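Read the structure below first, then the notes.
The values are calculated or read from the model by the stated rules, or taken from the named source; none is laboratory data. Computed from a predicted model, the values in this text were never measured in an experiment. When we count neighbours, we look across all protein chains shown, and the Cβ atoms used for this are built from the backbone with ideal geometry, even at glycine. Note: areas computed on protein heavy atoms with side chains; ligands, DNA, RNA excluded. Shrake-Rupley method; radii C 1.70, N 1.55, O 1.52, S 1.80 Å.
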Amino acid sequence: QKDSGLFAEPETERQPDMTPWATRVSAWVRWLRRPREVIEAGKAFFAEHPVRSLPDLERVITESGVEIAPLDIDPTTDGAAVAADGARYILLKPYLHRLRREFTIAHEVGHHRLHLHARQPPGIQLEAGGIKDVEADCFLILCLVYTTQEKELWPYVRANPNMIRRALLVLVYLTGYTTRLFIADRLERLFLSPRL
């Protein structure tokens with residue numbers, strides 16, 4: 001399947017040869033700025049694809065070539081984002097409640113948008129766990145904001161107690177957003193900018 005441009009490629013910066021210290025500082029700066037990249041990727045998605053609701057999101061991604069297939073992954077997993085040799089899939093546990101299905105699809109689209117890219121080596125790529133799940137949940141929350149469905153978050157949270165922990169992780173991830181950017185700018189200016 002052809003990648004329709006629905007999913008962004010990561011921007012790559014060519015770094016000059018750097019010392020080990022500068023390489024480490026550069027990694028810290030990228031980590032500090034990552035929440036901004038996640039939010040900007042979400043905003044860019046909704047600028048490119050006006051989505052009015054979570055069911056509309058499902059329509060947009062299936063029209064772009066992402067196949068949604070049922071697969072009972074394991075009892076604790078509702079879905080998975082998979083890229084296999086240029087094709088993109090969202091695997092969903094069968095018989096999910098409507099709200100849970102829509103939220104799971106939005107989360108998995110977040111993985112496709114943020115983490116699975118065509119420039120990665122061929123083969124099967126599966127995204128799950130860790131900070132990438134928190135970033136996909138950030139994308140899910142942006143979906144709710146852009147589709148004005150914030151009110152539907154709480155019924156889902158009540159139906160799935162695990163969402164309380166996930167919402168708290170997103171809150172922690174985004175806490176100190178401006179402070180993180182300030183520190184990243186200072187580190188870059190102090191240690192990575194060329195001296196005159």
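Worth pointing out:
- Selection count, the range 13-39, where residues are acidic (D, E) and open to solvent by less than 90 Å² (accessible area, probe 1.4 Å): 1
- Top-ranked residue of the range 107-122 - restricted to ones that are closer than 25 Å to L144 by Cβ and part of a loop (DSSP other than H, G, I, E, B), ranked as modelled with the lowest pLDDT: H117
- Output for the range 42-76, where each listed residue is in a helix (DSSP H, G or I), surrounded by 15 or more Cβ atoms within 10 Å (Cβ to Cβ), of a type in the set (A, V, I, L, M) and modelled with pLDDT of 90 or more: L57, V60, I61
- Subset of the range 77-103 that is hydroxyl-bearing (S, T, Y) and farther than 21 Å from E48 by Cα - its residue that is most open to solvent (accessible area, probe 1.4 Å): Y95
- Residue satisfying condition, being over 21 Å from L71 (Cα atoms), modelled with pLDDT of 85 or more and open to solvent by 50 Å² or more (accessible area, probe 1.4 Å), within set T148, T179: T179
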